[in-house]
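Novice: A single structure is presented below for examination.
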Amino acid sequence: MLTDMKSGSLTSCLERTAAAMPGKVMFIDEYGSITFGDFVEKARRLGRALRKYIDEGGDGVAVIVDKSIRAPLVYAAVMYAGSFYLPIDSTLPTARKKQLIGIASTPLLLVAARGQDADELGFTGMTLAYDDLEALASGPAGNADDGDGRDAASQAALSDTGAPEGGDPLCVIFTSGSTGTPKGVTLSHSAVLRYLEDFARIVGLGPEDRLAGQSPPDYVAALRDLYFPFICGASTCLAPKRLFSFPTGLFEYLNEHRATALFWVAPVLSYCAEFKVFDAVGLDTVNKVVFTGSVLPSAHLRYWQNHLPGAMFMNHYGPTEATATVSYYIVSHAVAESEDLPIGVPLPAVGVELLGEDALPVAEGEIGEIYVRGGGLAIGYWRDADLTARSFPVLTVGGRAAERYFRTGDMGRLLPDGNLAFHGRKDLLIKLMGHRVELAEIERAAARLDGVTEAICVYDPERTLLTLFYTGPATDGNLAKYLRMNLPDFMIPRRFHGLGEIPRLPGGKPDRRHLRDLAIDLAS
Amino acid sequence: MSDLIDILERIRPDVDFTAEQALIDDGILSSFDIINIVTDINLAFSVDISVADLTPDNFNSAESMMALIESF
């Protein structure tokens, strides 16, 4: 570890790491690569150019990004400019991007993604294109302080802009919302730093490691791929999304780039296992595999263990509101075919309580809702104080002083060996490709189409099959097309069924259990 | 062929599988779609599509998928 625990912000971490290894490659994407020294120098210059567009109101900067070096560059530039970013993936449907831009409601939109037409976003505030920012940054103003060498430039940049401090917001990550619209989660520098420093130490990550980033650039998991280089000098390959459709090509990419560490959502590892990709291509350099986002079936983990006997495997659990950090479980044995893997023990900065409906601790060994406290908690929901207060209550639990908690909505149980076991959700939230998805959001989107009277979405985790039942004159085809224009692809149902009416429980609520069984029948 | 089209349309009712020739190259099908398609094809046609068959060329059109199925 190059960094100590006193580090205050991601930029101060970046400065230290870049000073120690300026010539080392930091990021690789499909267009090229960049060294630590060039990265920090460019991020500072972009940040200084950006600064005059940042208002003092603490509104943040919405950023349209693609999965390339530009993503971490503009994120760091926003930090150097004394602000925080609200990232939006350029590959989302236009209507979705507009919706997220609306929720962000920042005065400034930075369009960093290649090929993104700024006009189609209909943004009414100030829009800044990446190329224009770059031109400003390489002009005389951008270069003014660079003459005296890097350290002087860095000091100037930081004292000019007010370097971010630990408690300051770093970014706002959008996730699915139970009310039917997405919500933003505001994360702090200190929570992200503490998490990544602790996690790098636990995983044993250092400058010799090379990550192969799977996450989209606007998802919470991207924090690991993008900021482990800042923290510990590892390098990250931003693997193009299309590689993940064809696992042999993906494995060849990992070998070609000598990837050592994979922080991937479990479904991608499952996909590789189901197609027995090791039959076609082996992995030469991978020695750490961390899976997140949902449960990895033990048969699939076993497959990976058999083919990478020397590698470390780890199950990792943490919702966005806890900065992706809660617990981890190092798999130190060959798993049995039908074993349930625990989500493990809390990270050092995190405390976990299992509480009942009455917000009191459940009896030992009983199932309760997972409440999280400590240094990993998000600042709150973006521009939603009510939801923040409800989801992050201040509680006095088991004789402890009053503290802020996040109610995860996940159910858990403490095992006799001290590990936490996962016991599903208490509501309609599901995990698809590692993303949290509220079924209500899909249902609301479907019901907005003319010709749909009511829509109910059900999920079969066994087949990872999302089915939408609807009433009204719409057809499967136009409903699928409409959803595809409005939702990210992992949220699109794979089966559509028009019904004469939605079956209901005596109280009038849709009978979801009945529909779930019907969906399973129809699929088989 | 119509059995295959039925399978494909059930997974992606919004795509015209009789016309599209660049389902992968144009990014129309996601990795999600491909795993669903392969699972359903294996079941319906009693074939065993393996990782070696998982290439963009084999999935760019309904015809190329049919040719793959018939190769078993």
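Novice: Considering each of B:16, B:3, B:40, B:26 in turn, give the residue that is charged (D, E, K, R), closer than 24 Å to residue A:266 by Cβ and out of contact with any Gly (no Cβ under 8 Å at 6 or more places or on another chain). If you could, list the steps in order and put the result at the bottom.
Specialist: Values: B:16 fails: closer than 24 Å to residue A:266 by Cβ; B:3 fails: closer than 24 Å to residue A:266 by Cβ; B:26 fails: closer than 24 Å to residue A:266 by Cβ.
Exactly one of B:16, B:3, B:40, B:26 is charged (D, E, K, R), closer than 24 Å to residue A:266 by Cβ and out of contact with any Gly (no Cβ under 8 Å at 6 or more places or on another chain), namely B:40.
Novice: Also: Which of the residues belonging to segment A:56-87 are open to solvent by 10 Å² or more (accessible area, probe 1.4 Å) and among the β-branched types (Val, Ile, Thr)?
Specialist: The answer is A:69, and nothing else.
Novice: Still on this model: Kindly list, by first and then second residue, each pair from a residue in segment A:303-316 that is part of a helix (DSSP H, G or I) to a residue that is of a type outside the set (S, T, N, Q), limited to pairs with Cβ atoms under 6 Å and residues at least 6 apart or on different chains.
Specialist: As it stands, the answer is A:303/A:273; A:305/A:334; A:307/A:278, since those pairs meet every condition given.
Novice: Pick out, from segment A:437-524, the helices (runs of 4 or more DSSP H) lying fully within it that include 2 or more residues that are touching a helix residue (DSSP H, G or I) at 6+ places or on another chain (Cβ under 9 Å).
Specialist: Fully inside segment A:437-524 and qualifying: A:439-447, A:476-486.
Novice: Still on this structure, I have one more. Of the residues that make up segment B:31-49, is at least one touching a Leu at 6+ places or on another chain (Cβ under 6 Å) and open to solvent by less than 30 Å² (accessible area, probe 1.4 Å)?
Specialist: no
Novice: Just checking, how many residues over segment A:453-489 are away from chain B (no Cβ under 14 Å) and within 24 Å of the chain's Cα centre (by Cα)?
Specialist: Of the residues in segment A:453-489, 3 are away from chain B (no Cβ under 14 Å) and within 24 Å of the chain's Cα centre (by Cα).
Novice: Got at least one residue in segment A:205-212 being within 14 Å of another protein chain (Cβ to nearest Cβ) and either surrounded by fewer than 21 Cβ atoms within 10 Å (Cβ to Cβ) or assigned to a loop (DSSP other than H, G, I, E, B) (or both)?
Specialist: Within segment A:205-212, none of the residues are within 14 Å of another protein chain (Cβ to nearest Cβ) and either surrounded by fewer than 21 Cβ atoms within 10 Å (Cβ to Cβ) or assigned to a loop (DSSP other than H, G, I, E, B) (or both).
Novice: Now for a separate question. Being part of a loop (DSSP other than H, G, I, E, B), more than 12 Å from chain B (Cβ to nearest Cβ) and open to solvent by less than 20 Å² (accessible area, probe 1.4 Å) is true for just one of A:295, A:290, A:286. Which residue is that?
Specialist: When all the criteria are applied, what remains is A:286.
Novice: Moving on. Looking only at residues in segment A:9-21 that are open to solvent by 20 Å² or more (accessible area, probe 1.4 Å) and either outside any helix (DSSP H, G or I) or of a type outside the set (D, E, K, R) (or both), which one is modelled with the lowest pLDDT?
Specialist: Only one residue fits best here, namely A:12.
Novice: Could you tell me which numbered condition residue A:355 fails, if it satisfies all but one of (1) of a type outside the set (Val, Ile, Thr); (2) closer than 18 Å to residue A:265 by Cβ; (3) modelled with pLDDT of 95 or more?
Specialist: (2)
Novice: May I ask you to say which residue of A:6, A:24, A:42 is farther than 30 Å from residue A:107 by Cβ, surrounded by fewer than 24 Cβ atoms within 10 Å (Cβ to Cβ) and at pLDDT 95 or above? First the steps, then the outcome.
Specialist: On the way: A:6 fails: at pLDDT 95 or above; A:42 fails: farther than 30 Å from residue A:107 by Cβ.
Step by step, each of A:6, A:24, A:42 is checked, and only A:24 is farther than 30 Å from residue A:107 by Cβ, surrounded by fewer than 24 Cβ atoms within 10 Å (Cβ to Cβ) and at pLDDT 95 or above.
Novice: Take the residues in segment A:471-498 that are surrounded by fewer than 20 Cβ atoms within 10 Å (Cβ to Cβ) and β-branched (Val, Ile, Thr), then tell me which one is nearest to residue A:241 (Cα to Cα).
Specialist: That would be A:475.
Novice: Also, I was wondering about something else. Is at least one residue of segment A:353-367 out of contact with any His (no Cβ under 7 Å at 6 or more places or on another chain), of a type in the set (A, V, I, L, M, F, W, C) and closer than 30 Å to residue A:214 by Cβ? Steps first, please.
Specialist: First, pick out the residues of segment A:353-367 that are out of contact with any His (no Cβ under 7 Å at 6 or more places or on another chain): A:353-366.
Now narrow it down to the ones that are of a type in the set (A, V, I, L, M, F, W, C): A:354-355, A:359-360, A:362-363.
Filter again for closer than 30 Å to residue A:214 by Cβ, leaving none.
No, segment A:353-367 has no match at all.
Novice: Give me the residue from segment A:217-243 that is surrounded by fewer than 23 Cβ atoms within 10 Å (Cβ to Cβ) and within 22 Å of residue B:35 (Cα to Cα) and, out of that set, nearest to the other protein chains (Cβ to nearest Cβ).
Specialist: Only one residue tops the list, namely A:242.
Novice: What single numbered condition from (1) within 19 Å of the chain's Cα centre (by Cα); (2) more than 14 Å from every other protein chain (Cβ to nearest Cβ); (3) open to solvent by less than 40 Å² (accessible area, probe 1.4 Å); (4) closer than 20 Å to residue A:423 by Cα fails to hold for residue A:267?
Specialist: (2)
Novice: Could I ask something else about it? Restricting segment A:347-400 to residues that are in a strand (DSSP E or B) and of a type in the set (Gly, Ala, Ser), which is farthest from the chain's Cα centre (by Cα)?
Specialist: Among residues in segment A:347-400 that are in a strand (DSSP E or B) and of a type in the set (Gly, Ala, Ser), the one farthest from the chain's Cα centre (by Cα) is A:368.
The values are calculated or read from the model by the stated rules, or taken from the named source; none is laboratory data. None of these values were measured; they are calculated from a predicted model. When we count neighbours, we look across all protein chains shown, and the Cβ atoms used for this are built from the backbone with ideal geometry, even at glycine. Note: accessible area is taken over every heavy atom of the protein model, side chains too, but ligands, DNA and RNA are not part of it. Shrake-Rupley method; radii C 1.70, N 1.55, O 1.52, S 1.80 Å.
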